[in-house]
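Below: the structure, in structure tokens.
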Amino acid sequence: MKVKSLLYIIFILCVFSCVKKEKLKNIPSVPYFVVLGVAQDAGYPQIACKKECCLKTYTNSSLERMVSSIGLVDPITNESWMFDATPDFTKQTKLLSTYTKNKDIPDGIFLTHGHIGHYTGIMFLGREAMSATKMPIYTMPRMKTYLETNGPWSQLVTNNNIELKALKKDSSLVLNERISITPILVPHRDEYTETVGYLINNTSKKALFIPDVDKWEKWDRSIVDYIKQVDIAFLDATFFKNGEINRDMNEVPHPFVEESMKLFEGLTNDDKKKIYFIHFNHTNPLLGEGSDAENRVKERGFNIAKQNSIIKF
Ligand SMILES: [Zn+2]
Ligand SMILES: [Zn+2]
Ligand SMILES: [Zn+2]
């Protein structure tokens, strides 16, 4: 009986080690992104939604999606960084931690702006939760002042749970010998803070992360030129098309995916492949698998960010 038990334990250990090896095999040995969430600020399902879009998630929780965020991992130095701290921060830090060794939380967090889906996750760094020590939080000046002067965020600063690091627009911040980050201002509803996207440099490669922006035409820069310059572009895809929600859509302007696809029509197939749409409202059919909308996006040569996927950089 004892021998049998021992053999059983050895068998289980072998299975676990094989599974681990299998996982490691698929993980790049150079920096890469992990998609931690793909939904708009309010997540999927969205509170109080009684429409088909969210009803189906109540009977099938595998359809739920976390709020838009990406992780950057440098396996060479065992470092990781997170872009935006969402209400799903606890699960997303856990997910990101599976890609590094002995690390529960990332080495730094870059915030894009002061809307609920993009920064409120830092509350879990405070006393009521893990009580972190000086987690580096990279922010633009207005966002920094907002966090320093408004509770409960100011308490995270005074308790040294977070350490705010000021960023300058268009100025690159070096994270290690391979990776540097540059914030770029984008037009958005800036009630409390400015809004930035991030250019992420990895030696000769570049990525762009703009999860929230008003219409592309309102920007004094060309998104098409940026796409040509980078290798990966995670772009705002909050709404698929006009009329998607029963509200005046001018109050919450975003480039509709239909508009973006039209704007990007003239790009080469190689340039189109760089684009990963992200930040989907609960009404956006791109949240589901195999929709007509998804087929239309893929047929035109674009990608859709999928939660928990790895994107090589
Ligand atoms: Zn958002
Ligand atoms: Zn819904
Ligand atoms: Zn926003």
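The values are calculated or read from the model by the stated rules, or taken from the named source; none is laboratory data. Fair warning: this is a prediction, and the values are worked out from it, not measured in the lab. Cβ placement follows ideal geometry from the backbone for every residue including glycine, while neighbour counts extend to all protein chains displayed. Quick note on the areas: whole protein, heavy atoms, side chains included, nothing else; ligands and nucleic acids left out. Shrake-Rupley method; radii C 1.70, N 1.55, O 1.52, S 1.80 Å.
Scan the range 115-139 for residues that are open to solvent by less than 10 Å² (accessible area, probe 1.4 Å), in a loop (DSSP other than H, G, I, E, B) and within 16 Å of ligand 3 (Cβ to nearest atom) and the total you get is 0. All of L36, L55, L63, L72 fail the test of being modelled with pLDDT of 95 or more, surrounded by fewer than 19 Cβ atoms within 10 Å (Cβ to Cβ) and within 19 Å of the chain's Cα centre (by Cα), apart from L63. Search the range 56-69 for residues being touching a Pro at 6+ places or on another chain (Cβ under 8 Å) and more than 16 Å from ligand 1 (Cβ to nearest atom), and hand back the single one that is nearest to V196 (Cα to Cα). Only one residue tops the list, namely E64. Is there a residue in the range 94-111 that is surrounded by 22 or more Cβ atoms within 10 Å (Cβ to Cβ) and either more than 14 Å from the chain's Cα centre (by Cα) or within 16 Å of ligand 3 (Cβ to nearest atom) (or both)? Yes, the conditions are met somewhere in the range 94-111. The residues of the range 221-244 that are under 25 Å from G288 (Cα atoms) and either modelled with pLDDT of 95 or more or touching a Phe, Trp or Tyr at 6+ places or on another chain (Cβ under 7 Å) (or both), listed by number, are I232, A233, F234, L235, D236, A237, T238, F239, F240, K241, N242. Looking across D225, D270, D236, D190, one residue alone is touching a His at 6+ places or on another chain (Cβ under 6 Å) and either surrounded by fewer than 17 Cβ atoms within 10 Å (Cβ to Cβ) or of a type outside the set (S, T, N, Q) (or both). It is D236. Residues in the range 204-220 that are assigned to a loop (DSSP other than H, G, I, E, B) and open to solvent by 70 Å² or more (accessible area, probe 1.4 Å) were compared, and the one that is modelled with the highest pLDDT is D220. If you check T193 against the conditions, is it within 16 Å of ligand 1 (Cβ to nearest atom), on the phi < 0 side of the Ramachandran plot and touching a helix residue (DSSP H, G or I) at 6+ places or on another chain (Cβ under 6 Å)? In short, yes.
Residues that are exposed (fewer than 14 other Cβ atoms within 10 Å of the Cβ) and among the hydrophobic types (A, V, I, L, M, F, W, C) within the range 151-187 comprise A166, V174, listed in sequence order.
Looking across K94, K168, one residue alone is farther than 17 Å from A207 by Cβ and outside any helix (DSSP H, G or I). It is K168. Selection of first residues in the range 171-191 that are in a loop (DSSP other than H, G, I, E, B) and of second residues that are away from ligand 3 (no atom under 16 Å from the Cβ) and among the acidic types (D, E), restricted to Cβ pairs under 7 Å at least 6 apart or on distinct chains, gives the following pairs, ordered by first then second residue: N176/D74; N176/E79; R178/D74.
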